[in-house]
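Below is one structure; the comments refer to it alone.
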Amino acid sequence: MNLRFQLALLVAAAIAASLALAMSTTISMTRAALQQDAKVAAVDGADDIAKDLQRLPPVSDEAIERRLEAALRKHRQLTEITLELQAANNDVSEYSFRSSQDVFIKRHLAALKHEGPRTISASVAENGERSFSVSVPLSGRIGNGQIKVMVSLGSVDKAMGTLSHVIAEVAAAAVLLAALLAVLIADLLVGRPLARLASAMGEVSQGALDRRVERRGPPEVRDVSEAFNRMLDRLEEADLAVRSFNERLASEVAQATQSLSEKNAALAQLNDLLIRAREDLAHRERLAALGQLAAQLAHEVGTPLGSVSGHLQLALADADTPAQTHERLVIASQEVQRVSRIIRDYLDSTRRMEPELSAIDVERTLKEAVEVARGGNPQRRAQVAVEVGEDARSWRTDEGVVRQILVNLVANALDAVGQKESDTAPVEVMASTEERQGARGAPRELVLKVVDHGAGLTPEQLGRMFEPFYTTKGRGKGTGLGLAVCRELARALGGRIEAASELGKETTFTVHVPDGDEVLRRAQAANAPKPAATVH
């Protein structure tokens, strides 16, 4: 049950209680007043009749009957008149006339029933009808005796019953009307303002903190609305503060996360540099050992090997040498050249070289390297495609070192594709320029790419590609030093070499060659003495 109906019930109950009290008081007072009027009428009627009879001389019964009947007509509130009269001969008679029956009765009495002052008494008949009786003493010419009149209260009780019924109906209608008015007033003054407040609270619970309630209605409702609006103002301020704090916190977390990511990336780069430095150190230690070995080999083997090669050349030049012996001498000469080439590769891979810088024609250098790698083999002439960008036709670097690197890479590419025939060249050699990696706006560098569309390399093979003495060629077909030499030559130019492969499709070697003058400037800046720190 909502508040408006509770208020209506309370109002109706209060009005009903008030009306019940008023009705009870009104009925009691009215009943008392009517009873008092009946009593006064009875007394007045009795006195009036007594005065009238006392002036009469002794009369007959018919005269008394007429007198009593006339008295009843005169005093209509009287319901019965009784005359007790003692005649001169001491006979006592009782004359009674009742208005309800219109009957006159006379009886003989042994003695007067009542003598004395006027008396008033109340009585209740067998049928429950109440009445008042007044006795007035009588003396005079007519004789001695008393007049007794009776006034019935039945009409009073009937009137009170009717009045009670009417008042009850009026009271019920009044209570119903008051309840309806209470409902309307409660709805207008309390229900609607509370409904607006509840609706606003529902919207606020859904997040509408900008909702406000109009200050309408009774003062109490306006006070509640104003307090609710103040609470929403504080909630909105708190919500804004929380949102601002969350935004700042999210921004700080994002910045911290970005900073942590940058530090992790920097740490990963440092770790990668450390790993590379360790690998480079191990590689340099290995190259140092190889250098010592190569020096010993060159010293111990070079001189006798040169002598053997010279004698073989003399034997091959002799026209009298038998054909079978000539073939064996050719094989021996080739093996001696192979040993010489191995020793030379050893020396190239271990000695540190200083590049000789000059402006080179990149396209010409690439084509010369391709021709050397082909070895004059006409079957390989159409297997290599050369492409040079407009911005890479001229570059300042060591032409011989670049040519040696390309010769090794193109030779390996031709070995990888074998005698493969296709619509496009299985080996591509390209030159272009681009900004140096990791430094936007930095000087550009020459990028040389050698791509072979051969069988490709596995990840394990690709990871060991630049290790000395590691080769994927068959036994006796390579020393495994070519790519190691290429890496050292690229470093000597201030650049680097990279390898990428997709198994079953292609392998790409990329050589980054910076401008020679830029390499010299970086080297001079690195070797320049640092200024001494100043102590303040």
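Tabulated results
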| item | result |
| --- | --- |
| P(r), alpha carbons of the stretch 3-173 - 10 Å bins starting at zero, rounded % | 9, 31, 25, 13, 10, 7, 4, 2, 0 |
| Least to most buried among GLU498, GLU506, GLU84 (fewest other Cβ within 10 Å first) | GLU498, GLU506, GLU84 |
| Residues GLU368 and HIS311, FRET efficiency given R0 of 30 Å [Cβ-Cβ distance, rounded to 0.05] | 0.35 |
| Cβ-based exposure ranking for VAL156, VAL370, in which fewest neighbours within 10 Å come first | VAL156, VAL370 |
| Contour minus Cα-Cα distance for ALA492 and TYR470 (0.36 nm per residue) | 5.8 nm |
| FRET efficiency for ALA208 and GLU247, using Cβ-Cβ distance with R0 set to 25 Å, rounded to 0.05 | 0.75 |
| Relative packing of 401-413, 263-275, 383-395, 228-240, which averages over residues the other C-beta atoms within 10 Å, highest first | 401-413, 383-395, 228-240, 263-275 |
| LEU462/ASN264 FRET efficiency (R0 30 Å; Cβ-Cβ; nearest 0.05) | 0.70 |
| Amide H contacts under 5 Å for LEU153, placed H, 5+ residues apart | ARG130, SER131, PHE132 |
| Added length on full extension, which subtracts the Cα-Cα distance from 0.36 nm per residue, ARG66 to GLU390 | 100.5 nm |
| Subset of LYS263/LYS505; LYS263/LYS449; LYS74/LYS106 violating a 30 Å alpha-carbon distance limit | LYS263/LYS505; LYS263/LYS449 |
| Estimated inter-spin distance, ASP48 and ALA87, nm [label 7 Å along Cα→Cβ] | 3.0 |
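Laboratory data are not the source of any read-out in this text; all were calculated from the coordinates shown. From a predicted model like this one, the values you see are computed outputs, not experimental measurements. Positions of Cβ are generated from backbone atoms using ideal geometry, with glycine treated the same way; all protein chains shown enter the neighbour counts.
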